[in-house]
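Chemist: Provided herewith is a single structure, encoded as structure tokens, for subsequent inquiry.
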Amino acid sequence: MKTTIQLTATLTVIATVAGLSIGATYLRTSDIINQQKTQQLNSALESLFPDGVEISQDSLIRSDNSVLPFWTAKQPNKGEGNLVGFAFESGGRGYSSTIRYLAAISADNKIIGMTVLSQEETPGLGTRVMETVSKATFWNGLFAKREKTEPWFQSQFRNISVLNPIGISKKAEWHTLSKDQKAELLSKNEVTAITGATITTKAITDAITTESKTVSEINEFLASKKGGLQ
Amino acid sequence: METFMSLLQISIGAIFIQNFILSRFLGLCPFMGVSKKLSTATGMGIAVIFVMTVASMFTWAINHFILEAYNVLYLQTIVFILVIASLVQMVEMILHKYSPVLYESLGVYLPLITTNCAILGVAMINTGINPYSGSPFTFVESVVNGTMSGVGFLLALILMAGIREKIELADIPKPLEGLPIAFITAGLMAVAFLGFSGMQLR
Amino acid sequence: MTTERTLDLHISSSPHIRDSRSVPHIMRDVVLALIPAMIAGFIFFGIRSLMLIASAVIAAVVTEYVISEKLLKRSNAIGDWSAVITGILVAMNMPVAAPIWMAALGSAFAIAVAKWTFGGLGNNFINPALAGRAFLMASFPAQMTGTIFSQSGLFGKVPSPLCGMDAVVTSASATAWGGADALSGATPLAALPNLISSGANIQDTLLPLFWGNVGGCIGETSAIAILIGAIFLLGRRVIGFTIPVIYVATVFILALFFSGVEGASPLSSDAATVALFHILSGGLLFGAVFMATDMVTSPITIKGQAIFALGCGVLTFVIRKFGGYPEGVSYSILLMNLVTPLIDRYVSPRVYGTGKK
Amino acid sequence: MINNIGTELKRGVLTENPIFVLALGLCPSLGVSTSVSNGLGMGLASTFVLIGSNIIISLLKKVIPEQVRIPAYIIVIASFVTIVQMVMQAYLPALYTSLGIFIPLIVVNCIILGRAEAFASKNNVINSAIDGLVMGLGFTVALVVLSTIREILGANKLLGLEFIPGFKPMTIFILAPGGFFTIAFVVGLINFFKMKKEQK
């Protein structure tokens, strides 16, 4: 009997000390972790919109009573028609994960910018949604300052219309195209697929196409709000 | 019907597409260790299915009703590993008492399972997002995911054991004998399993 | 398909020897049987197809030589033609526009990793040529499937020859199919609804598929060329009927019953057309004749072979219909290669290794 | 008794390398070795846990009763892992995301429990700490070797930067099969040199 008590006691003491030290670390790090998360979101939002706009959070209640948070960007110090656009978060089922992204839409329903927040697609294929084209190589890049470039896959969504379905071209990847070819794609409202990762590509275009409903909902909401203020 | 299809998709994903061993690299130590003979491989595989299913039930419930409810998710790792360790212990005792036959055949593998990362792995995966629906795993989904991940483990294990028995007498180059050839075999199996990638019910 | 040496000590996995001919003889027959398909490849895809084959064969033979003679100091392996076959098969499983070096890399991998790490011919558990192709598929998906190109054969351009049937477009019906771009569906059958809804006659695509001059891998373009090779191999008793017939029949029957979503109702004449399309398109015939029948990596007994072929057929259809890859033939054979040891273990009514005389 | 740190390092990195020689901790070594930064991060995180748990377990070796030592060790190890997890999430969020579930899985890495059981429970604090350090470094070195090979062959990159301009990477090396092939040939090569040495 004594041994049982002794065993339990030892384990309890160890577990308590362990729990306390974990708790202490948690108290120290939780704020930083939360800060990190908001900062990530903020910098993602800032990267989507042009410099110097004011971003504020808003939300609307959808027809099914769910709350849709979104962000609006306004040109500061301007009166009427100062709305640059709005952004919302959404996701689509990719190849091996759900791809979460943030999309910024202009007042005329075109994509200002799109950035993938999280994905767990196949390395070397689907994960190339995050790939940047850079001239930096290992040999010079270690010493040179790394330029901050947007992933090419995400860049090609700029100025694509949300209200029309987004097509996929499988001919060549966007970053290899000439200016004229890029313009032609844009006129057809198409983006290029990542070679070998058509499913990932289609997941994103499909998700954005589905969100055209969200876009008109937000538009209506903003219009009604404006009307209400006047 | 829709639920059935989504559970079927989870199962296909767990067994073939995201096979624990051949795609996720979880549970490699027992995979290399017990795949030399078909009989031991089968025993180990069944024990893993059993523990994975039970562990999925308990860890999901604990995660949902205690850790999430009281906002102490940071204790997840330590709680899960303790739950799994005691579960394995409990399963061992229950089997010993009520099903000596099953205990005879599975008992030896149970202690090995506590430190099998596949079990903690599946518990952790179940706390995340179900990639096929985009929302968190429900209880049923997580249990199916646990069982089917175990089935995938068993499948890889018996295929591997069959192949290893076949190549036992092969004239393998000396430096590659043992672990390296087992890895190459697993690699070639993983190559074949790539054929399942991207499989979607439609 | 084994060396005499391994026959002595390696009982469980040795193939059934139907007569006293030696391994090099059997291998030479296989090379001869591949010649019609190679000619078809040359006719429809031009000289480049032969360059790819040559590059793959040279790489295979050199790899085999370096490993067996120089590294492992085993001298009896090189003369048996098996490396030549592996080389040919790797190249014939590639699209003609693939870079020449890629064929060499694929067959070097096939010989070095899939075959010699296990001690050479007779010891490998997986078909080396298919492992080589799968290696290239995973490594260079763009070159092995996606990119659209045109290649001149003797009968003019073949549009969109996407290997492994990302989209099958015949010269004659390219317009009916709405051009190559419209067809980049995941499987050939993904393109079929478009075809049916556009009012084109699917039956028109079957004849070109039979003769050749369609897109695809070098080896799979012409059904008739593959069938000539098959008849030769069957006549010489190098391969049996069991695997190819059951494999193809399984795919046919599954397509007959489950082709509903493609716009044809089950068991109708449309479904039969779709099922025929399934057989003639992609690498099914080529795989069923030349790769699923590999003696080393398929089961020993007839019953085992039947199970093996059935599995190949089911997997091929499932991957074609639900999979992420366009073509299921090579992966389904690879997957069944993994199951072969288990089949041999549980389906073995006769004494191991002796086979039937 | 540990006297020479040089010999100890050689033991951890070469003769008793946890991955290549002892074949422990295989899951994380294949799971995260797709890029050098992941491999290095994982290696250092495990090293920290290994040193920490070795120290604590060596301190407590007289207090912990024999019968409950395994649960006690697991608690100690899991606490260190949780601490690493939180610190990483706070200060290295990108690495934290890319390592994914392999961070909590450090708990079941056989190296850590193995060293606790085989070394720390029998030796003094300083020696246990050194043992944790050298074993952790051995693990890290192995991970860096594997991930360097895989990142160069599979993505033509090193530390996320293009390595050889124009080289066409073989994607398979960052997929699952490539992980198996890489470790197979590294271990094969090590065996080959060992055999050559023995022959001499």
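The values are calculated or read from the model by the stated rules, or taken from the named source; none is laboratory data. No experiment lies behind these values; they were computed from the predicted model shown. Backbone-built Cβ (ideal geometry, glycine too); neighbour counts: all protein chains shown. Calculation scope for accessible area: heavy atoms of the full protein, side chains included, ligands and nucleic acids excluded. Shrake-Rupley method; radii C 1.70, N 1.55, O 1.52, S 1.80 Å.
Chemist: Under 6 Å between Cβ atoms, which residue pairs at least 6 apart in sequence (or on different chains) link something in segment A:185-213 that is in contact (Cβ under 8 Å) with a residue 24 or more places away in the chain with a partner that is of a type in the set (Ser, Thr, Tyr) and in a helix (DSSP H, G or I)?
Modeler: That search, which allows pairs on different chains as well, returns A:Ala193/A:Thr201; A:Ile194/A:Thr201.
Chemist: Quick test of your reading of the structure: A:Ser43 fulfils all but one of (1) free of Cβ contacts under 8 Å to residues at least 40 places away in the same chain; (2) open to solvent by less than 50 Å² (accessible area, probe 1.4 Å); (3) more than 9 Å from chain D (Cβ to nearest Cβ). Name the failing condition by number.
Modeler: (2)
Chemist: Please indicate, with yes or no, whether at least one residue in segment C:320-343 is at pLDDT below 95, surrounded by fewer than 22 Cβ atoms within 10 Å (Cβ to Cβ) and more than 10 Å from every other protein chain (Cβ to nearest Cβ).
Modeler: no
Chemist: Here is a further query. If the requirement is being modelled with pLDDT of 85 or more, open to solvent by 20 Å² or more (accessible area, probe 1.4 Å) and in contact with a Ser or Thr (Cβ under 8 Å, 6 or more places away or on another chain), which of these qualifies: D:Phe102, D:Phe80? Before you say what the answer is, go through the steps one by one.
Modeler: Working: D:Phe102 fails: in contact with a Ser or Thr (Cβ under 8 Å, 6 or more places away or on another chain).
Residue meeting the stated conditions: D:Phe80.
Chemist: When the residues of segment A:1-15 are filtered to those that are open to solvent by 70 Å² or more (accessible area, probe 1.4 Å) and more than 7 Å from chain D (Cβ to nearest Cβ), which remaining residue is nearest to B:Leu67 (Cα to Cα)?
Modeler: Among them, the one singled out is A:Thr12.
Chemist: Going by what's in this entry, would C:Trp101 be described as farther than 18 Å from C:Val23 by Cβ and surrounded by fewer than 23 Cβ atoms within 10 Å (Cβ to Cβ)?
Modeler: Numbers: farther than 18 Å from C:Val23 by Cβ: yes; surrounded by fewer than 23 Cβ atoms within 10 Å (Cβ to Cβ): yes.
In short, yes.
Chemist: If we scan segment B:32-45, do we find a residue that is within 12 Å of the chain's Cα centre (by Cα) and open to solvent by 70 Å² or more (accessible area, probe 1.4 Å)? Steps first, please.
Modeler: Taking segment B:32-45 as the starting set, the residues that turn out to be within 12 Å of the chain's Cα centre (by Cα) are B:44-45.
Of the ones still in play, those that are also open to solvent by 70 Å² or more (accessible area, probe 1.4 Å) are none.
No: zero hits.
Chemist: Still on this structure, I have one more. How many residues are hydrophobic (A, V, I, L, M, F, W, C), in contact with a strand residue (DSSP E or B) (Cβ under 9 Å, 6 or more places away or on another chain) and open to solvent by less than 20 Å² (accessible area, probe 1.4 Å) when one looks only at segment A:167-209?
Modeler: Number satisfying all stated conditions: 7.
Chemist: Which one is farthest from the other protein chains (Cβ to nearest Cβ), of the residues in segment B:163-202 that are open to solvent by 10 Å² or more (accessible area, probe 1.4 Å) and either touching a Cys at 6+ places or on another chain (Cβ under 7 Å) or of a type in the set (Gly, Ala, Ser) (or both)?
Modeler: Ranking the candidates gives B:Gly178 first.
Chemist: Quick one: in segment A:16-38, which of the residues that are within 17 Å of B:Leu75 (Cα to Cα) and within 7 Å of chain D (Cβ to nearest Cβ) is nearest to the chain's Cα centre (by Cα)?
Modeler: Checked segment A:16-38; the qualifying residue nearest to the chain's Cα centre (by Cα) is A:Ile33.
Chemist: Can you tell me which residue among D:Ala184, D:Ala118 is free of Cβ contacts under 8 Å to residues at least 60 places away in the same chain and surrounded by fewer than 19 Cβ atoms within 10 Å (Cβ to Cβ)? Working first, answer last.
Modeler: On the way: D:Ala184 fails: surrounded by fewer than 19 Cβ atoms within 10 Å (Cβ to Cβ).
It is D:Ala118.
Chemist: So, one more: Of the residues that sit in segment C:269-287 and are part of a helix (DSSP H, G or I) and small (Gly, Ala, Ser), which one is farthest from C:Pro128 (Cα to Cα)? Please lay out each step first, then the result.
Modeler: We begin by selecting, within segment C:269-287, every residue part of a helix (DSSP H, G or I); these are C:269-280, C:284-287.
Within this subset, residues satisfying the condition of being small (Gly, Ala, Ser) are C:269, C:271-272, C:275, C:287.
Details: C:Ser269: 39, C:Ala271: 35, C:Ala272: 34, C:Ala275: 29, C:Gly287: 13 Å.
Among those that are part of a helix (DSSP H, G or I) and small (Gly, Ala, Ser), it is C:Ser269.
Chemist: Which numbered condition trips up B:Tyr70, out of (1) under 18 Å from the mean Cα position of the chain (by Cα); (2) under 22 Å from A:Gly23 (Cα atoms); (3) among the aromatic types (Phe, Trp, Tyr)?
Modeler: Result: B:Tyr70 passes all but (1).
Residue-wise test of (1) open to solvent by 30 Å² or more (accessible area, probe 1.4 Å); (2) within 14 Å of chain B (Cβ to nearest Cβ); (3) basic (Lys, Arg); (4) under 30 Å from A:Ile33 (Cβ atoms).
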site	(1), (2), (3), (4)
D:Asn54	no, no, no, yes
D:Ile57	no, no, no, yes
D:Val68	no, yes, no, no
D:Tyr91	yes, no, no, yes
D:Val108	no, yes, no, yes
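Chemist: Which number in (1) open to solvent by less than 50 Å² (accessible area, probe 1.4 Å); (2) more than 14 Å from chain C (Cβ to nearest Cβ); (3) farther than 22 Å from B:Ser197 by Cα; (4) within 22 Å of the chain's Cα centre (by Cα) marks the one condition that A:Lys213 misses?
Modeler: (1)
Chemist: So, one more: When you look at D:Leu44, is it open to solvent by 10 Å² or more (accessible area, probe 1.4 Å) and either in contact with a Gly (Cβ under 9 Å, 6 or more places away or on another chain) or within 23 Å of D:Asn127 (Cα to Cα) (or both), yes or no? Full working, then the answer.
Modeler: Details: open to solvent by 10 Å² or more (accessible area, probe 1.4 Å): yes; either in contact with a Gly (Cβ under 9 Å, 6 or more places away or on another chain) or within 23 Å of D:Asn127 (Cα to Cα) (or both): yes.
Spelling it out, D:Leu44 is indeed open to solvent by 10 Å² or more (accessible area, probe 1.4 Å) and either in contact with a Gly (Cβ under 9 Å, 6 or more places away or on another chain) or within 23 Å of D:Asn127 (Cα to Cα) (or both).
Chemist: Is it the case that D:Ser37 is open to solvent by less than 10 Å² (accessible area, probe 1.4 Å), at pLDDT below 95 and of a type in the set (Ser, Thr, Tyr)?
Modeler: Numbers: open to solvent by less than 10 Å² (accessible area, probe 1.4 Å): no; at pLDDT below 95: yes; of a type in the set (Ser, Thr, Tyr): yes.
Here the answer is no, as D:Ser37 does not meet what is asked.
Chemist: Grab the strands (runs of 3 or more DSSP E) fully contained in segment A:48-136, keeping just those with 3 or more residues being under 16 Å from A:Ala203 (Cα atoms) and touching a residue at least 12 places away in the same chain (Cβ under 8 Å).
Modeler: Strands (runs of 3 or more DSSP E) meeting the threshold: A:83-93, A:98-106, A:111-118.
Chemist: Looking at (1) without any contact (Cβ under 8 Å) to a residue 40 or more places away in the chain; (2) more than 9 Å from every other protein chain (Cβ to nearest Cβ); (3) part of a loop (DSSP other than H, G, I, E, B), which is the one condition that is false for D:Lys10?
Modeler: Condition (3) is where D:Lys10 drops out.
Chemist: Any idea which of (1) assigned to a helix (DSSP H, G or I); (2) within 14 Å of the chain's Cα centre (by Cα) is the one B:Ile62 doesn't satisfy?
Modeler: (2)
Chemist: Is it the case that segment C:52-73 has a residue that's within 20 Å of C:Asn124 (Cα to Cα), in contact with a Pro (Cβ under 8 Å, 6 or more places away or on another chain) and outside the structural domain of C:Thr293 (by TED's automatic domain parsing)?
Modeler: Within segment C:52-73, one or more residues are within 20 Å of C:Asn124 (Cα to Cα), in contact with a Pro (Cβ under 8 Å, 6 or more places away or on another chain) and outside the structural domain of C:Thr293 (by TED's automatic domain parsing).
Chemist: A follow-up question, please. Identify the single condition in (1) at pLDDT below 95; (2) farther than 22 Å from A:Lys170 by Cβ; (3) buried (at least 24 other Cβ atoms within 10 Å of the Cβ) that C:Phe109 does not satisfy, given that it satisfies every other one.
Modeler: Just one mismatch for C:Phe109, condition (1).
Chemist: With (1) farther than 24 Å from A:Ser21 by Cα; (2) touching a Phe, Trp or Tyr at 6+ places or on another chain (Cβ under 8 Å); (3) modelled with pLDDT of 90 or more; (4) within 14 Å of chain A (Cβ to nearest Cβ) as the list, and D:Thr148 as the residue in question, which single condition is left unmet?
Modeler: Only one criterion is unmet by D:Thr148, namely (2).
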